[in-house]
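The values are calculated or read from the model by the stated rules, or taken from the named source; none is laboratory data. Model, not experiment: these values are computed from the prediction. Positions of Cβ are generated from backbone atoms using ideal geometry, with glycine treated the same way; all protein chains shown enter the neighbour counts.
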Amino acid sequence: MNTSQGENVPTLNLKEFIRGVKKWTPCPLTKLPDDVAKRSLQVGIRPDEGDRSGTYFQMDDVPVFHGIKKGFEGKVEVGSMRQALQRHEWLKDYFWQLIDKSADEFTELAGRDWDDGYFVRILEGQKLTLPLQACLFVATDRFNQNVHNVIVAEPGSDAQIITGCTIHPSVSRGLHIGVTEIYVKRGARLTFTMIHNWAPEFDTRPRTAILVEEGATFVSNYICLSPVRSLQMFPAAHCVGEGARARFNSILYVKDGSYVDVGAKIVLDGKGSRGEIVSRVIATDSAQAYLRGLIVGRSEDSKGHIECRGLLLSNKASIHAIPRLDAEIRGVELTHEAAIGKIAKEQIEYLMARGLSEEEAEALLVRGFMDVSMFGLPAALNEEIRRIVESVSRAH
Amino acid sequence: MLRIENLTVEVADKTVIRNLTLEVPKGEVHVLFGPNGSGKSTLIKTILGFSNYKVVKGKIYFKDRDITDMPINERIKLGIGVVFQNPPALRGVKLKDLLNNVLGQAKDDLGKFTKLLNLNHEFLERDLNVDFSGGEVKRSEILQLLVQRPDFALIDEPDSGVDVENLERIGKALSEYLTGGTGIIITHTGHILRYLNATKGHVMINGTIACSGNPLKILTQILHEGYGWCEKCLLIGKGEFH
Ligand SMILES: Nc1ncnc2c1ncn2[C@@H]1O[C@H](COP(=O)(O)OP(=O)(O)OP(=O)(O)O)[C@@H](O)[C@H]1O
Ligand SMILES: [Mg+2]
């Protein structure tokens, strides 16, 4: 599947980045340096492993920790991708299968200079009551981190995964490439939440593809609220089975000179399959944001919807919503709605008429705009994401 | 407490209020009548200082201070409160969030007011004015007013589109609050006047006050004869209705 796209994205000079950095030694999460723990907490990773069923933690190119919490053993496998490939002969049928290694220069790079990544497999019929967490941490300035992850949700399983990608405070430049192949099998349900927190000179190119089988549900939540030099991704979900569902939610706060091109593609190939792409983007300063949505309806009774709302807080920022619907057979129903604008004066004045200052009114409306309850997430995750959005948006 | 002198207001390059003068002393509740589009809500938004409503002439004084050019929130801090006729929908902003911002000391009273207005806890969790029914909009607006406890209330059509039971709740809430209080209340049907003692009534026609007098007498006249007689009044000159 094409997981690249994005025609105006700035090209990167790969020579800017370095490989072959100092190796971290594996350690328990509690032994991680304080500033690492603090940064990872901001992307939803709990260093105390509280409220989590399992953990994977990678520093630069070294998996420093992986583990499963008591009570969850035998239900799920979490660990290094490289090791998993040695352990499971069959895993090669899941590796570079949904994404073509030669798709673009970044997938090529990830195929050539591979820095491990995580393997997660939720066993058949297992329902994990707490989320799994995976942290991909860049600790060295100018490092080019190329991870490749595989997630297999076996039939009838149910899980949430929180992936947090971030950098050490001393890192200002660098390139993170994350190739992720996700298999959601018959009747399984997977909620995949990815939280990014980079720096104004950092670049990132996630490459994600998902296969959603009969009766299975895949939900992606993507959150990026801090500056980045350039971010471009176009994850693609292929709904192959009857009644398969895929949904992409994203919340983006694009600031400074950030260039952000976040899309999502859903191919509805199963009878009665459903796809939804919902995004909220706020652009300020001189940031540029592109929101691409593509839903392809290829099967009878399939339904898809793209919804994009954008809020411009500065005259120099820009938001481009590019929804596209391809209906390739009779009986598909595809819709989209997009609305981009600035905060309505009427709304600010309404709040001022309750005594709020103009700044307070604007902040309340911005926070309301990023309200995550419309994503329909499990209550605890909803609350957790809401807290992260609140804390980051307050800090701005 | 509120004094408006020779006020002329333009909205979208159109004159909506013309040379209007009105005074509401402390302890008085005045009723504003007038046909649709005569400028009643415009007057309220101008008193609040909304940016689309340009004062091209005249002055507004509140508590003896010239507030004509004051930012909206400072007027509120001086003690003005409002119930809007058509408040905007604020997606993602919960009624509770706003109340928390407005509350201050009145926190303990919130439970009392929600009960009085028959609003439950779930309602406070809803996005402000998003898919609210007509009656819910009114009760949410009045709840915000009560929580704010302003010295002067601008109340725009609290009784429009409200069923009998809710009218009674709204009536009781406003009556308790406005007894001995000060403000301006706008009504078409006058239902709300069953619950309050209004001091004076005014009829607004085409952006100016055509006549003033006993509010209940004015209401009776309007209900019987419509606004035709007011227009005549306006032709003769500013009328005092007895
Ligand atoms: N923001 C605005 N932009 C353009 N026109 C406006 C605006 N606000 C008010 N008007 C116009 O000003 C006039 C007076 O409107 P206003 O809302 O004050 O009437 P009203 O007396 O409150 O009427 P109603 O009884 O229907 O509530 C109307 O012609 C209205 O269309
Ligand atoms: Mg009105």
**Study point:** Inter-residue pairs, beta-carbon under 7 Å, first free of Cβ contacts under 8 Å to residues at least 12 places away in the same chain and in segment B:34-54, second more than 12 Å from ligand 2 (Cβ to nearest atom) and of a type outside the set (G, A, S), 6+ apart
**Key:** B:K45/B:Y53; B:S51/A:K345; B:S51/A:E349
Practice item. With respect to B:F84, determine if the residue is buried (at least 18 other Cβ atoms within 10 Å of the Cβ) and more than 18 Å from A:M352 (Cβ to Cβ). Key: no
Check your understanding: If you scan segment A:230-266, which residues turn out to be among the charged types (D, E, K, R), in contact with a strand residue (DSSP E or B) (Cβ under 8 Å, 6 or more places away or on another chain) and more than 12 Å from A:A289 (Cα to Cα)?
Key -> A:R245, A:R247, A:K265
Revision key, fill the gap. B:V164 passes all but one of the listed conditions (1) away from ligand 1 (no atom under 16 Å from the Cβ); (2) touching a residue at least 12 places away in the same chain (Cβ under 8 Å); (3) more than 14 Å from chain A (Cβ to nearest Cβ); (4) hydrophobic (A, V, I, L, M, F, W, C); the exception is number (2)
Point to revise | Condition met for A:A236 (of a type in the set (A, V, I, L, M) and more than 23 Å from A:I161 (Cα to Cα)) | key: no
Review point. When segment A:291-316 is examined, which residues are found to be crowded, with 24+ Cβ neighbours inside 10 Å and more than 25 Å from A:G270 (Cα to Cα)?
Key: A:L291, A:G310
Study note, to complete from the structure: Over segment B:147-161, the set of residues more than 16 Å from ligand 1 (Cβ to nearest atom) and either without any contact (Cβ under 8 Å) to a residue 12 or more places away in the chain or part of a loop (DSSP other than H, G, I, E, B) (or both) is B:R149, B:P150, B:D151
Exercise for review: Just need a number here: residues in segment B:24-54 that are more than 8 Å from ligand 1 (Cβ to nearest atom), more than 14 Å from chain A (Cβ to nearest Cβ) and under 15 Å from the mean Cα position of the chain (by Cα).
Suggested key: 7
Point to revise | Unique match (being within 14 Å of chain A (Cβ to nearest Cβ) and away from ligand 2 (no atom under 16 Å from the Cβ)) among B:I155, B:I142, B:I218 | key: B:I142
Exercise for review: Go through segment B:148-181 residue by residue and tally those that are surrounded by fewer than 23 Cβ atoms within 10 Å (Cβ to Cβ) and of a type in the set (A, V, I, L, M).
Suggested key: 4
Check your understanding: Does at least one position in segment A:282-299 carry a residue that is touching a helix residue (DSSP H, G or I) at 6+ places or on another chain (Cβ under 9 Å) and assigned to a strand (DSSP E or B)?
Key -> yes
Check your understanding: Going by the conditions given, is B:I4 more than 14 Å from chain A (Cβ to nearest Cβ), away from ligand 2 (no atom under 14 Å from the Cβ), in contact with a Leu (Cβ under 7 Å, 6 or more places away or on another chain) and under 14 Å from B:G207 (Cβ atoms)?
Key -> yes
Exercise for review: Read through the list (1) more than 16 Å from ligand 1 (Cβ to nearest atom); (2) in a helix (DSSP H, G or I), then give the number of the only condition that B:G180 fails.
Suggested key: (2)
Practice item. Report whether or not A:G263 is part of a loop (DSSP other than H, G, I, E, B) and either touching a helix residue (DSSP H, G or I) at 6+ places or on another chain (Cβ under 9 Å) or more than 14 Å from every other protein chain (Cβ to nearest Cβ) (or both). Key: no
Point to revise | Matching option when the condition is over 24 Å from A:M352 (Cβ atoms) and either in contact (Cβ under 8 Å) with a residue 12 or more places away in the chain or more than 14 Å from chain A (Cβ to nearest Cβ) (or both), among B:R91, B:R18 | key: B:R18
Review point. Quick one: in segment A:344-380, which of the residues that are at the interface with chain B (Cβ under 10 Å from one of its Cβ atoms) and part of a loop (DSSP other than H, G, I, E, B) is nearest to B:V147 (Cα to Cα)?
Key: A:R354
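Matching residues to (1) within 13 Å of ligand 2 (Cβ to nearest atom); (2) touching a helix residue (DSSP H, G or I) at 6+ places or on another chain (Cβ under 7 Å):
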site	(1), (2)
B:E10	no, no
B:E28	no, no
B:V31	no, yes
B:K40	yes, no
B:K45	yes, no
Point to revise | Single residue of segment B:130-139 satisfying the filter (within 16 Å of ligand 2 (Cβ to nearest atom) and surrounded by 21 or more Cβ atoms within 10 Å (Cβ to Cβ)) that is nearest to the other protein chains (Cβ to nearest Cβ) | key: B:V137
Practice item. Could you tell me whether segment B:60-67 includes any residue that is more than 16 Å from ligand 2 (Cβ to nearest atom), on the phi > 0 side of the Ramachandran plot and either surrounded by fewer than 23 Cβ atoms within 10 Å (Cβ to Cβ) or not β-branched (V, I, T) (or both)? Key: yes
Review point. Is it the case that segment A:207-214 has a residue that's of a type in the set (D, E, K, R), modelled with pLDDT of 95 or more and surrounded by 23 or more Cβ atoms within 10 Å (Cβ to Cβ)?
Key: yes
Point to revise | Scope segment A:251-272; condition of a type outside the set (D, E, K, R) and in contact (Cβ under 8 Å) with a residue 60 or more places away in the chain; matching residues | key: A:I251, A:Y253, A:V254, A:Y259, A:G263, A:V267, A:L268
Check your understanding: A:L225 versus (1) touching a Phe, Trp or Tyr at 6+ places or on another chain (Cβ under 8 Å); (2) within 22 Å of A:K15 (Cα to Cα); (3) surrounded by fewer than 24 Cβ atoms within 10 Å (Cβ to Cβ): which is the lone unmet condition?
Key -> (2)
